[in-house]
Amino acid sequence: MTHTAESGVAARAADRTPARAAVRPEAEPVSADAEHLWARLRAVEERVRHAVAVRRAADPDPDDPYKGQYLTPEAAARILDEPGGLGVPAREPWCPPADSVLGGLAVRFGLSPLDLDLLLVAVAPDLDARFERLYGYLNDDLTRRRPTVGLALELCGLAGASPARFRLAPGGPLVEGGLVEVTEPERPPLSRVLVVPDRVTGYLLGSARPDARLAGVLGEAREDPTAAEAEVRRTATAAGTGIGLVHLRSRGGDAEGLATAALRVAGLRPLVVDAAALARRSDDVPELARVAAREVRLTGAGVVLGPLEALPAEPAVRARTLAAWCAALRGMPLLTHGTVGWDPEWAADTPVALTVPAPSPERQAARWRHALDRAAGDGSVTGDTGELARAVAAHRLDSGQLRRAADVAVRTAVLAGRPVRPDDLRTAVRAQNGAGLDRLARRVEPAVGWDDLVLPPLTHRRLRELALRARHREQVLGGWGMRPGGGRGRGVIALFAGESGTGKTMSAEVVAADLGMGLYVVDLSTVVDKYVGETEKNLERIFTEASAVNAVLLFDEADAIFGKRSEVKDAHDRHANIESAYLLQRMESFDGIAVLTTNLRANLDEAFTRRLDVVADFPMPDTGQRLALWDRCLGDRLPRADDLDLAFCADRFELAGGSIRACAVSAAYLAAESGEPLTMRQLVTAVAQEYRKLGRLVLESEFGRWTRDVLADG
């Protein structure tokens with residue numbers, strides 16, 4: 001059969017085929033919820049059957065194989081004499097059951113029975129391919145196999161001039177809701193073709209798969225299992241009022257999990273939109289927002305969008321993104337979340353703002369237990385969850401980071417065939433840190449512990465206090481509110497003061513290792529800038545990135561940027577004071593862990609000292625400490641000669657720990673060159689080299705009987 005002969009075949013098929021079997025074979029299983037859809041579609045088929053019969057009765061040559069490709073003069077005259085229309089009877093009153101697919105659409109999209117009939121006329125070719133040929137015949141154009149606006153109205157018993165035509169105009173519920181698209185805008189309005197999007201067709205047939213265009217921006221909906229019932233209900237109530245816009249500002253809590261739980265309590269399906277993925281598709285934002293809005297109304301869902309700080313940082317781009325989503329979802333539940341507050345410039349509407357506080361230690365342990373059990377499946381490798389949670393108590397993780405860290409830790413333990421250990425969890429948590437701070441500071445993986453430190457007891461206690469504050473800051477500063485004030489951060493800042501080589505940097509590394517964190521050393525060359533305002537911008541980037549990672553931030557030689565403010569005598573003094581004032585304000589709101597080191601504590605501004613949580617002084621080591629340092633620095637793998645006298649070195653040479661380490665390394669090179677165990681002469685020669693490097697004299701009162709040897713060795 002040729003393409004040009006299809007019109008006659010279509011007409012004959014419409015005459016011969018039984019109504020019920022024409023739409024859906026009886027053998028095809030259909031849910032009770034969709035039965036009303038098929039029943040109503042059979043009514044549409046009856047209307048098409050009637051329209052075809054009317055058209056054939058008035059057609060002098062219905063079997064012309066070229067019909068639809070030309071217009072004879074007689075046919076043109078007949079069209080002019082006809083009143084128009086297909087003679088389809090007026091629609092009979094009907095209303096779909098509220099619990100049916102069509103009934104749900106009518107409620108959520110505000111559709112009238114006429115709108116539902118127009119939708120069914122438009123979707124018929126997607127459900128039964130024979131409607132394509134029948135519509136081609138009725139359109140008198142075999143190439144146009146979908147209903148036009150005019151044909152859809154006529155099949156509903158309405159003339160093209162009826163005001164009902166505006167139900168298919170922009171602003172009408174079918175078009176505005178995205179259920180029907182009116183294509184070919186270059187044609188006259190009644191000749192434009194109606195198309196039903198594939199997602200709408202899939203929904204009518206019972207598919208729950210979201211629109212393919214949302215692929216890549218949707219995340220997995222996971223609720224916070226530890227969220228308090230009162231918080232969940234409060235959030236659900238806020239989402240159900242007014243325009244449905246709610247912003248959850250996270251202060252360490254699981255804002256996304258709370259939003260997901262609130263939507264489920266409200267009887268809605270959470271549609272989680274990943275803001276980071278959305279930022280990568282900024283050109284498609286308006287279209288994605290419209291598609292998501294249709295998905296929300298189709299399935300009775302609510303949108304969870306965040307974290308907002310992952311959206312493009314440019315104010316105009318971020319505002320356009322949020323404005324598009326707020327406009328598309330106005331009146332529908334939209335819960336945004338992030339660590340940033342809501343900017344009124346982002347959208348025309350203002351959300352209900354709720355704060356999500358950091359969880360208590362008990363709730364945090366419960367979150368870890370849930371995440372580890374979920375990752376392990378049978379829970380056979382999770383170990384002591386309480387101990388694991390305490391091991392990472394100082395870390396601030398969002399829900400996604402926590403789940404990913406638990407998964408990595410469990411997989412690591414499975415590969416080793418043992419329960420999860422605290423070190424597994426610490427390593428997994430460190431892996432969640434982004435690379436943003438790596439571009440601004442030098443990362444150091446801690447490789448030392450408390451046993452490697454040789455310090456006075458008081459200094460050692462101060463370091464322990466720093467670790468203690470970092471580990472319990474959420475409970476003390478957050479849960480107990482011991483640092484009141486809206487602009488106060490929950491950071492912990494320490495000052496290590498002492499001469500060069502007394503162990504300040506190494507101590508920071510030990511504290512970071514104890515907390516299971518990495519250490520980032522700020523390079524002052526990347527911070528200080530001769531141009532006005534640039535130093536502050538560089539510091540702001542560092543503080544912002546440091547707050548987002550679980551790490552200890554080390555400002556070495558901090559007096560270079562945390563120095564005293566001075567009397568303003570010229571523009572240079574004024575700008576220097578501005579830098580100091582900025583740092584004072586920024587330290588107040590810092591949420592991370594920072595260590596400042598200085599050789600000259602007196603050079604720091606007193607206002608900085610007031611903001612410090614811990615101050616640890618690093619004095620020069622005494623004789624006993626120097627002996628321990630010599631023994632520790634030489635280690636147990638370097639062979640030692642019998643004449644090695646470390647007590648002599650500790651008693652005579654007043655060196656800091658860094659200098660002792662340098663001497664040990666130099667002596668080891670001399671021993672390696674000789675091929676023999678390390679001798680005392682090699683060790684004192686290394687000490688003499690260090691003295692010369694420091695600008696100190698080689699005196700017999702210090703070197704004793706080794707003076708002649710070291711002078712001879714030059």
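Please state, as a whole number in µm²/s, the translational diffusion coefficient that the Stokes-Einstein equation yields for region 177-262 at 25 °C and 0.890 mPa s, with Rh defined as the Kirkwood radius across alpha carbon pairs. Taking Rh from Cα pairs, D becomes 148 µm²/s.
Normalised by the number of residues in region 185-325, the average gap of Cα pairs under 8 Å and 6 or more apart makes the relative contact order 25 percent.
For residue 337, the solvent-accessible surface computed with a 1.4 Å probe is close to 20 Å², ligands and nucleic acids excluded. Shown here for region 216-319: GluC sites (Glu not before Pro) in loop regions (DSSP other than H, G, I, E, B) with at most 10 other Cβ atoms within 10 Å, namely 220. Leaving out ligands, DNA and RNA, what percent of the accessible area of region 323-382 is carbon and sulfur, probe 1.4 Å? The computed percentage sits at 52. For the chain, the solvent-accessible area of protein heavy atoms averages 47 Å² per residue (probe radius 1.4 Å; ligands and nucleic acids excluded). Against the main long axis of the alpha-carbon atoms of the chain, helix 315-328 sits at an angle near 40°.
Helix 680-694 axis versus longest C-alpha principal axis of the chain: approximately 70°, rounded to the nearest ten.
Gain on full extension, evaluated as 0.36 nm per residue between residue 674 and residue 181 minus their Cα-Cα distance, stands at 168.8 nm.
Sorting 649, 633, 95 by solvent-accessible area of protein heavy atoms yields 95, 633, 649, largest first, with a 1.4 Å probe. A probe of 1.4 angstrom, applied to the heavy atoms of all protein chains, finds residue 183 with accessible area near 40 square angstrom.
Taking a ≥ b ≥ c as the square roots of the eigenvalues of the Cα gyration tensor, region 415-543 is rounded, since a/c falls below 1.5.
Separation of region 592-668 and region 343-376, taken as the distance between their Cα centroids, equals 44 angstrom. Grouping the Cα pair distances of the chain into 20 Å bins from zero gives a pair-distance distribution of 14, 32, 24, 16, 9, 4, 0 percent in increasing distance order. Points 7 angstrom from Cα along the Cβ direction at residue 647 and residue 234: gap in nanometres? If labels sit at residue 647 and residue 234, their model points lie 6.8 nm apart.
The label point for residue 611 and the one for residue 640, both projected 7 Å from the Cα toward the Cβ, are 4.7 nm apart. What a 1.4 Å probe finds exposed on region 417-549 is 52% carbon and sulfur by accessible area, rounded to a whole percent.
Under a 5 Å amide H cut-off, with hydrogens placed 1.01 Å from N, residue 593 pairs with 492, 551, 553 among residues at least 5 apart or on other chains. The accessible surface of region 107-211, taken with every protein chain in place and a 1.4 Å probe, is 54 percent carbon and sulfur. Contact order, relative form, for region 312-452: 18 percent (alpha carbon pairs under 8 Å, 6 or more residues apart, mean separation divided by residue count). Taking 0.36 nm per residue of separation and subtracting the current Cα-Cα distance, fully stretching the chain between residue 319 and residue 458 would add 44.8 nm. The GluC sites (Glu not before Pro) found in region 613-714 that occupy coil by DSSP, while having at most 14 further C-beta atoms within 10 Å, are 654. The charge dipole of the chain, taken about the Cα centre with unit charges on the Cβ atoms of Lys, Arg (+1) and Asp, Glu (-1), comes to about 1000 debye, rounded to the nearest 20.
Computed from Cα atoms alone, the Kirkwood hydrodynamic radius reported for region 575-710 is 17.8 Å.
Quantify how much of the Cα-Cα distance distribution of region 102-224 extends past 27 Å, in percent. Distances greater than 27 Å cover 21 percent of the Cα pairs. For region 132-148, 3J(HN,Hα) computed residue by residue from phi via the Karplus equation (6.51, -1.76, 1.60; θ = phi - 60°) reads 4, 5, 5, 5, x, 5, 5, 6, 6, 7, 5, 7, 10, 9, 10, x, 8 Hz, glycine and proline entered as x. Of 517, 620, the residue with the largest accessible area leads and the full order is 620, 517 (1.4 Å probe). Summarising the label geometry, the points placed 7 Å from Cα in the beta-carbon direction at residue 340 and residue 623 lie 6.2 nm from one another. Would you be so kind as to identify which of 689, 528, 419 lies farthest towards the positive end of the dipole of the chain, taking Lys and Arg as +1 and Asp and Glu as -1 on Cβ and the Cα centre as origin? With unit charges placed on the Cβ atoms, the residue in question is 419. In this structure residue 623 has an accessible area near 60 Å², from a 1.4 Å probe over the protein heavy atoms. Of all DSSP beta bridges in the chain, what percent run antiparallel (nearest 5)? Looking only at bridges with both residues in the chain, the antiparallel portion is about 25 percent. The relative contact order of the chain comes to 8 percent, based on Cα pairs under 8 Å that sit 6 or more residues apart.
The values are calculated or read from the model by the stated rules, or taken from the named source; none is laboratory data. Bear in mind that the values here come from a model prediction, so they are computed numbers and not experimental data. Don't worry about glycine lacking a Cβ; one is built from the backbone with ideal geometry, like all the others, and counts go over all protein chains shown. When the accessible area is computed, the model is the full protein with side chains, heavy atoms only, and any ligands, DNA or RNA have been set aside. Shrake-Rupley method; radii C 1.70, N 1.55, O 1.52, S 1.80 Å.
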